[in-house]
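One structure below.
The values are calculated or read from the model by the stated rules, or taken from the named source; none is laboratory data. Keep in mind the model is a prediction, meaning the values are calculated, not measured. All Cβ positions, glycine included, derive from the backbone under ideal geometry; neighbour counts span all protein chains shown.
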Amino acid sequence: MTPVATYILLTESLASGVCDSFDGHVLACLIAVGVAEASAGSSLAEALGVSGDELRRSIAAYFPAALHHLESSDLDREVKVGDEEQCLRRLLQRSRSTPGPFSLMLSAMVARRCTRPNHLWQDLGLANRGELSALMSRHFAPLARRNHQDMKWKKFFYRMICSDESYRLCVAPSCAECRDFDACFGDESGESLLARIRFQMDVPGLDSHRTLRVD
């Protein structure tokens, strides 16, 4: 199953009442982009930073009809979490503004996707940075409020870790004096990874009224 077909399957099989359409969209994007990595030799567990019973329970809770379709993406591979990723997880977990398992799971998944090379909104499989901002405002409101200068999210997370963990990754005394200012605050436009996959792959049966949200 292709990542785009996975996204369509997930959004169409979202369990009633378990979450709203936006949270369903976010989780479907994460799983779909994880499927893309799994098809390239990784695993869905490694892509999302969650594995085994936890990953299976989550998929079964939100997308019960999709679990058996994802078995080939290796749900049970062991996930190793390094020190840096643990710091990201702790930062996100203690900044949750919505209680319950969804934001807790999201903390682990966002932390894992922060280790990927693109803009965070792209590595989450989202359509644009605005969707990431909406996600942060909803589920991690304290961090969203602190990022009032609209710093790139990955850079902002590491800035928060530096201040919280009593060490510095940045040597500049302030952002205004930093030669790499644009690397932290510059443009974050680009193409959605799922949109890129969509146009690179032939998706049988994908018709005009079942297109991916990429605007």
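Please work out if LEU14 is in a loop (DSSP other than H, G, I, E, B) and either over 21 Å from PHE140 (Cβ atoms) or touching a residue at least 24 places away in the same chain (Cβ under 8 Å) (or both). Let's see the steps before the verdict.
Working: in a loop (DSSP other than H, G, I, E, B): yes; either over 21 Å from PHE140 (Cβ atoms) or touching a residue at least 24 places away in the same chain (Cβ under 8 Å) (or both): yes.
Yes: the conditions hold for LEU14.
Within the stretch 92-107, track down each residue that is surrounded by fewer than 22 Cβ atoms within 10 Å (Cβ to Cβ) and touching a residue at least 60 places away in the same chain (Cβ under 8 Å).
Pass one, the stretch 92-107, residues surrounded by fewer than 22 Cβ atoms within 10 Å (Cβ to Cβ): 93-105.
Hit for the stretch 92-107 is PHE102, nothing else.
Which one of LEU70, LEU75, LEU44 is buried (at least 21 other Cβ atoms within 10 Å of the Cβ), more than 21 Å from SER133 (Cα to Cα), touching a Gly at 6+ places or on another chain (Cβ under 6 Å) and in contact (Cβ under 8 Å) with a residue 24 or more places away in the chain? Full working, then the answer.
On the way: LEU70 fails: touching a Gly at 6+ places or on another chain (Cβ under 6 Å); LEU75 fails: touching a Gly at 6+ places or on another chain (Cβ under 6 Å).
The conditions single out LEU44.
May I ask you to list the residues in the stretch 22-41 that are at pLDDT 95 or above, closer than 22 Å to ASN118 by Cα, out of contact with any Asp or Glu (no Cβ under 9 Å at 6 or more places or on another chain) and surrounded by fewer than 23 Cβ atoms within 10 Å (Cβ to Cβ)?
ASP23 - this is the single residue of the stretch 22-41 that is at pLDDT 95 or above, closer than 22 Å to ASN118 by Cα, out of contact with any Asp or Glu (no Cβ under 9 Å at 6 or more places or on another chain) and surrounded by fewer than 23 Cβ atoms within 10 Å (Cβ to Cβ).
When you look at ASP150, is it surrounded by fewer than 16 Cβ atoms within 10 Å (Cβ to Cβ), at pLDDT below 90 and either on the phi > 0 side of the Ramachandran plot or assigned to a helix (DSSP H, G or I) (or both), yes or no?
Yes: the conditions hold for ASP150.
Just one of the numbered conditions (1) at pLDDT 90 or above; (2) more than 24 Å from VAL4 (Cβ to Cβ) is not true of GLY52; which one?
Single failed check for GLY52: (1).
Residues of the stretch 50-86 being touching an Asp or Glu at 6+ places or on another chain (Cβ under 7 Å) and on the phi > 0 side of the Ramachandran plot, which ones? Step through it out loud before you land on a result.
Here is the first cut: in the stretch 50-86, the ones touching an Asp or Glu at 6+ places or on another chain (Cβ under 7 Å) are 51-52, 77, 79.
Residue satisfying the conditions is GLY52 alone.
How about the stretch 66-128: which helices (runs of 4 or more DSSP H) wholly inside it have at least 2 residues that are touching a helix residue (DSSP H, G or I) at 6+ places or on another chain (Cβ under 7 Å), over 14 Å from LEU44 (Cα atoms) and among the aliphatic types (A, V, I, L, M)? Steps first, answer last, please.
Numbers: elements: 83-93, 101-113, 120-123.
Result: 83-93, 101-113.
Quick one: is ARG89 farther than 20 Å from THR11 by Cα and touching a His at 6+ places or on another chain (Cβ under 9 Å)?
Values: farther than 20 Å from THR11 by Cα: yes; touching a His at 6+ places or on another chain (Cβ under 9 Å): no.
When the stated conditions are applied, ARG89 does not pass them.
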